[in-house]
Amino acid sequence: GEKGAAARAEHVLTVMERRCRDGDSDFKPNTRTYTSVIDAWAKSGEKGAAKRAEQILNTMRSLHEQTNDSDVKPNVHTANAVCNACAFTKLDGDRSEALQIAFRVFDWLSSQKDLHPDAYTYTILLSVCSNLLPREDRSTRYSHARGFFKSCCEAGHVNDYVLRKLRQTVTEEEYLSLVGYHDATTATGMPTSWTRNARIKGGGVGGGGYKKGGGGKGSGWSNNNRRRGR
């Protein structure tokens, strides 16, 4: 994005918050407002963008917990926007923190009773692994990619985008072992249990669209592989 655009978007958000506190409800920010500002940070590629995105998410969480106001409740799109900011971190000095932020946001999203990761969540998280983990550290890249892909399969969200990003993250041999040597190029060749909630190109929805639910609760992956080196 244009340099400084994210900071300007956040300034507008701050003005809206202040006007709302002063009694002008027409300026009340909602979930879409906050998510749009997070998205601006994600597109900026600026220093500290992922950290700032997570801070805005945490502000939303605190507001919702304090007020129980559904208008400011973060949703899966909010979480995905934060993970996007992590995936497209450009500065070497921000990469380690961005990686941990993405893992924390996935943990939070997976722990919610009424929110669940979707296909885009898993695509972004595989991008996080591909972009932020050193390519020469094959074992770490494979470990994290395998964990996310397993969770995605259990949730029934495997689509062509997930497969494409998985293939970019691991070696071809590792990719084939993860997909079980099925038709390895498209989701239509994968088991229907893996794709039941995904929108499949040319085949409609393999079970009703991006439904909430399915086994996307992290599959025990995050806590076992939290450290960057494993």
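What the table below lists for this structure:
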item: Residue of N159, N68, N80 that the Gaussian network model of the chain assigns the largest fluctuation, springs spanning Cα pairs under 10 Å; result: N68
item: Helix-only [θ]222 nm of the chain, DSSP H runs n ≥ 4, -39500 (n - 2.57) each, per residue, nearest 500; result: -19000 deg cm²/dmol
item: GNM top mover of A155, A49, A184 - the chain, alpha-carbon springs below 10 Å; result: A184
item: Compactness of segment 15-138 as Cα Rg over 2.2 N^0.38 Å, two decimals; result: 1.10
item: For segment 1-57, convex hull of alpha carbons as volume per residue, Å³; result: 68 Å³
item: Segment 80-202 - Debye-derived log10 I(q)/I(0), Cα point model, q = 0.10, 0.17, 0.20, 0.22 Å⁻¹; result: -0.28, -0.82, -1.10, -1.28
item: Reciprocal mean inverse distance between Cα atoms of segment 130-189 - Kirkwood radius, Å; result: 11.6 Å
item: GNM flexibility winner over the chain from F149, F106, F27 (Cα, springs under 10 Å); result: F27
item: In the chain, lysine pairs closer than 18 Å at Cα, eight or more apart or cross-chain; result: 20
item: Cα-based helix-to-principal-axis angle, 92-111 vs the chain, degrees rounded to 10; result: 90 degrees
item: Accessible area per residue in Å² at 1.4 Å probe, computed on the chain; result: 49 Å²
item: Listed candidates [x] 1.12; [y] 1.21; [z] 1.05 - label of the one calculated as Cα Rg over 2.2 N^0.38 Å; result: [z]
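The values are calculated or read from the model by the stated rules, or taken from the named source; none is laboratory data. Just so we're clear, the structure is a prediction, and the values are computed from it rather than from any experiment. Heads up: the accessible areas ignore ligands, DNA and RNA and are worked out on the full protein's heavy atoms, side chains in. Shrake-Rupley method; radii C 1.70, N 1.55, O 1.52, S 1.80 Å.
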